[in-house]
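See structure below.
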Amino acid sequence: MSRTTRDLRKKSPIRKAPFVVITAFLLLWLIGVATGEPGRVLEQAVQVCLSCIGIG
Amino acid sequence: MEAVRKWVQVIMGFLMNSSWSFPFTRTIYQGPLKVLCAPGLNCYSCPAATTYCPLGSLQQLLGGLRFALENGQYYFGFSVLGSIGVLGGLFGRMICGWACPFGFLQELLHKIPSRKFGVPRILSQGKFVFLLVFVIILPLALVDASGLGSPWFCKFICPAGTLEAGLPLLWLQPNLRNTIGLLFFNKFAILLLFLGWAVFASRPFCRTVCPLGAFYALFSRVRLLKLRLDESRCTNCKACHHVCPMGVKFNESPDDPECITCLACMNKACKFDAISLEIGGIPLAVPDRGLSPVSKP
Ligand code: SF4
Ligand code: SF4
């Protein structure tokens, strides 16, 4: 590791915000999973979406 | 590093579109992998798609929310929002720069030799309007007699859907050709507009319209992996302004919502090692050319 990188690491505080945000969205995802949403998403995703094509 | 990024773009595009049996099945992939969220804009009705499109799924869930609630199903779109939220918290718009097939396509088109133009900065606000109005409000608010809303962005705008789903499926399923009308021609014109514009300007769709890019842009300050400016080294030479494909003036706006972390400013432009990549505040790598901090002019 270069000296510059080492020096910067020493004086760099860890940012907490990303961990809070990631945890919050992970919880949101878990709530979605608990309600059975992925099954519904899969049902929709395996059907041809006529709106996407531009005819529905 | 640019070559690495290109390879990552190719591999990610392939991972999201790795079902190649469609010339025989003449329809889309219908297997269990489609429970996985595509990080970038990749239509789930593309015959080769093996993941779901977060924008498409979110609109479908919101459009069907009233109907679902009446049937005791609480499908608010949390699993979709959670998936792209985690990705946003980790990478933000780095996804756009490294893992979005439609962004990659625009980059390739921009390599066609021609006169190049910028994109007025004010237009970059448009994508937030598309996210709010076309992806959230209209599918939720405008419902038919049976309580179902439409995926407005997919239906009226999305050029990725026209390109990846519309054109291939019209080729694979001739009976669909009889059903095309104004809606299709409108979407086809939008596709041509953005493909043509991408030759002359860098990533016009990403900068002005893409709701997924807008969503990831919300994480520009709080994402785990991002670039950092060392103000003590920056000489304000503005070299970073000239290489940025998104029109970002990095030293003036280091957490810019438009930054796709392509690393061009860090690797190609800054000669003073003022730009570095960090993960959660810890520098991953600082280009070390033995320079000491400079005083500003
Ligand atoms: S802005 Fe949209 S289309 Fe562009 S790279 Fe990002 S997700 Fe893809
Ligand atoms: S600011 Fe730098 S890393 Fe971000 S998009 Fe522009 S050149 Fe790429």
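The values are calculated or read from the model by the stated rules, or taken from the named source; none is laboratory data. All figures in this text were calculated on a predicted structure; none of them were measured in a lab. Here the Cβ positions follow ideal geometry from the backbone for every residue, glycine too, while neighbour counts run over all protein chains shown. Side chains included, ligands, DNA and RNA excluded: accessible areas come from the protein's heavy atoms. Shrake-Rupley method; radii C 1.70, N 1.55, O 1.52, S 1.80 Å.
Couple of notes before you dig in:
- Pair list, Cβ under 7 Å, 6 or more apart: the range B:231-253 residue within 18 Å of residue B:213 (Cα to Cα), other residue assigned to a loop (DSSP other than H, G, I, E, B) and away from ligand 1 (no atom under 16 Å from the Cβ): B:244/B:250; B:247/B:118
- Flag if residue B:80 is under 14 Å from residue A:42 (Cα atoms), open to solvent by less than 10 Å² (accessible area, probe 1.4 Å) and at the interface with chain A (Cβ under 10 Å from one of its Cβ atoms): yes
- Index of the failed condition, residue B:113 passing every other in (1) more than 14 Å from chain A (Cβ to nearest Cβ); (2) open to solvent by 50 Å² or more (accessible area, probe 1.4 Å); (3) within 16 Å of ligand 2 (Cβ to nearest atom): (3)
- A count restricted to the range B:125-158 and to residues that are among the small types (Gly, Ala, Ser) and within 13 Å of chain A (Cβ to nearest Cβ) stands at 2.
- Residue ID - surrounded by the most Cβ atoms within 10 Å (Cβ to Cβ), chosen from residues in the range B:44-65 that are out of contact with any Leu (no Cβ under 8 Å at 6 or more places or on another chain) and over 12 Å from residue A:44 (Cα atoms): B:46
- The residue of the range B:31-43 that is farthest from ligand 1 (Cβ to nearest atom), among those that are of a type in the set (Gly, Ala, Ser) and within 18 Å of residue A:47 (Cα to Cα), is B:31.
- Hits in the range A:34-56 - residues which are in contact with a helix residue (DSSP H, G or I) (Cβ under 6 Å, 6 or more places away or on another chain) and open to solvent by 40 Å² or more (accessible area, probe 1.4 Å): A:42
- Check on residue B:143, more than 27 Å from residue B:26 (Cβ to Cβ) and modelled with pLDDT of 95 or more: no
- The range B:258-271: number of residues that are away from chain A (no Cβ under 14 Å), away from ligand 1 (no atom under 16 Å from the Cβ) and assigned to a loop (DSSP other than H, G, I, E, B): 1
- Filtering the range B:220-236 to residues that are of a type outside the set (D, E, K, R) and open to solvent by 10 Å² or more (accessible area, probe 1.4 Å) leaves B:220, B:222, B:224, B:225, B:229, B:232, B:234, B:235, B:236.
- Residue satisfying all of: in the range B:248-257; more than 6 Å from ligand 2 (Cβ to nearest atom) and either under 13 Å from residue B:217 (Cβ atoms) or open to solvent by 40 Å² or more (accessible area, probe 1.4 Å) (or both); nearest to the other protein chains (Cβ to nearest Cβ) among these: B:255
- In a residue-by-residue description of the range B:74-91, the property of being over 22 Å from residue B:214 (Cα atoms), outside any helix (DSSP H, G or I) and at pLDDT 95 or above applies to at least one position.
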